[in-house]
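Asks: Below you'll find the structure I mean.
The values are calculated or read from the model by the stated rules, or taken from the named source; none is laboratory data. Nothing here was measured: the structure is a model prediction, and the numbers come from that model. Because the Cβ atoms are built from the backbone with ideal geometry, glycine has one as well, and the counts that use them run over all protein chains shown. Protein only, heavy atoms only, side chains kept; ligands, DNA and RNA dropped before computing areas. Shrake-Rupley method; radii C 1.70, N 1.55, O 1.52, S 1.80 Å.
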Amino acid sequence: MPDISLTMVVVLCLASLAAGWIDAVVGGGGLLLLPALLLGLPSGTPAAYALGTNKAVAIVGTTGAAVTYARKAPVDVRLAVRIGLAALAGSTAGAFVAAGLSTDVLKPVVMVVLLGVGAFVILRPAFGTAPPTTPVSARRVLAAIGLAGLGIGFYDGLIGPGTGTFLVLALTALLHLDLVTASATAKIVNCCTNAGALATFAWKGTVHWQLAALMAVFNLVGGTVGAHTALKKGSGFVRVVLLTVVFALVANMAYQQWVA
């Protein structure tokens, strides 16, 4: 356990609870959890420890949400795993590229994309509110594996913030899923990418396991409750949370790019 106060441990656990809920509903929990760890760990701690501990916490809540969704939502688990394996390969490649590339150059592009996505969702109220009425073509499945798997997985390894949100949007658009089913599928994909990243951080020894285990309990509760909330409230509720997270991501990236 790192040398931090009991008060800070409580704050981190509450942040983990809230992040688990957000991540389960629509993705983007890392927007809250990672900054909390960066601020909460002792001054001078390498950022890799925050990243590694974040993945150790997030994979528990994501798995809990995925299991909850898989039991009650019409999720194609086999397809989700195929996309997840592609995302695992993509995130690994992105991590290698990130080692020699300044991601600050890409962040303004991502912000523009997110603003475009937010505008699209606002202008298309029916987006993701109805389940598919016809079978999805093989071409769209391959597109989902390529874009939502390799493409967004690559982004996750390269930059990271908002990966879950991008997955929900891509899966909704490509596979004609409603937002609840897209969130459920995204959680399974996230499990695959988180597992790969966690294995890397664990191998490098940059995970605070005791702190992660404590925070993971709260993240699991938040993820499970979030999944139940999304299932109960439906796609309209998920749409509102999605827009909130999209614009919060833009604000966070803008702050890091031009203020911090």
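Asks: Could you tell me which numbered condition P74 fails, if it satisfies all but one of (1) modelled with pLDDT of 90 or more; (2) surrounded by fewer than 16 Cβ atoms within 10 Å (Cβ to Cβ)?
Replies: Answer for P74: the failing condition is (1).
Asks: From the list M8, M1, exactly one residue is surrounded by fewer than 22 Cβ atoms within 10 Å (Cβ to Cβ) and part of a helix (DSSP H, G or I). Which is it?
Replies: M8 is the lone residue from the list that is surrounded by fewer than 22 Cβ atoms within 10 Å (Cβ to Cβ) and part of a helix (DSSP H, G or I).
Asks: Let me ask something else about it. Search region 146-192 for residues being at positive phi and open to solvent by less than 30 Å² (accessible area, probe 1.4 Å), and hand back the single one that is modelled with the highest pLDDT.
Replies: Looking at the filtered set, the residue picked out is G162.
Asks: Would you call K233 open to solvent by 10 Å² or more (accessible area, probe 1.4 Å), of a type outside the set (A, V, I, L, M) and free of Cβ contacts under 8 Å to residues at least 40 places away in the same chain?
Replies: So K233 fits the description; yes.
Asks: Looking at (1) within 23 Å of L6 (Cα to Cα); (2) touching an Asp or Glu at 6+ places or on another chain (Cβ under 9 Å), which is the one condition that is false for K55?
Replies: Of the numbered conditions (1) within 23 Å of L6 (Cα to Cα); (2) touching an Asp or Glu at 6+ places or on another chain (Cβ under 9 Å), the odd one out for K55 is (2).
Asks: A follow-up question, please. Scan region 97-119 residue by residue and report those that are of a type in the set (A, V, I, L, M, F, W, C), within 30 Å of P74 (Cβ to Cβ) and modelled with pLDDT of 75 or more.
Replies: A119
Asks: Please give the number of the condition H208 fails out of (1) in contact with a Leu (Cβ under 8 Å, 6 or more places away or on another chain); (2) modelled with pLDDT of 85 or more; (3) open to solvent by 10 Å² or more (accessible area, probe 1.4 Å); (4) over 24 Å from K55 (Cβ atoms).
Replies: Going through (1) in contact with a Leu (Cβ under 8 Å, 6 or more places away or on another chain); (2) modelled with pLDDT of 85 or more; (3) open to solvent by 10 Å² or more (accessible area, probe 1.4 Å); (4) over 24 Å from K55 (Cβ atoms) one by one, H208 breaks only (4).
Asks: What do you reckon, is R82 surrounded by fewer than 21 Cβ atoms within 10 Å (Cβ to Cβ), over 16 Å from the mean Cα position of the chain (by Cα) and at pLDDT 90 or above?
Replies: It is true that R82 is surrounded by fewer than 21 Cβ atoms within 10 Å (Cβ to Cβ), over 16 Å from the mean Cα position of the chain (by Cα) and at pLDDT 90 or above.
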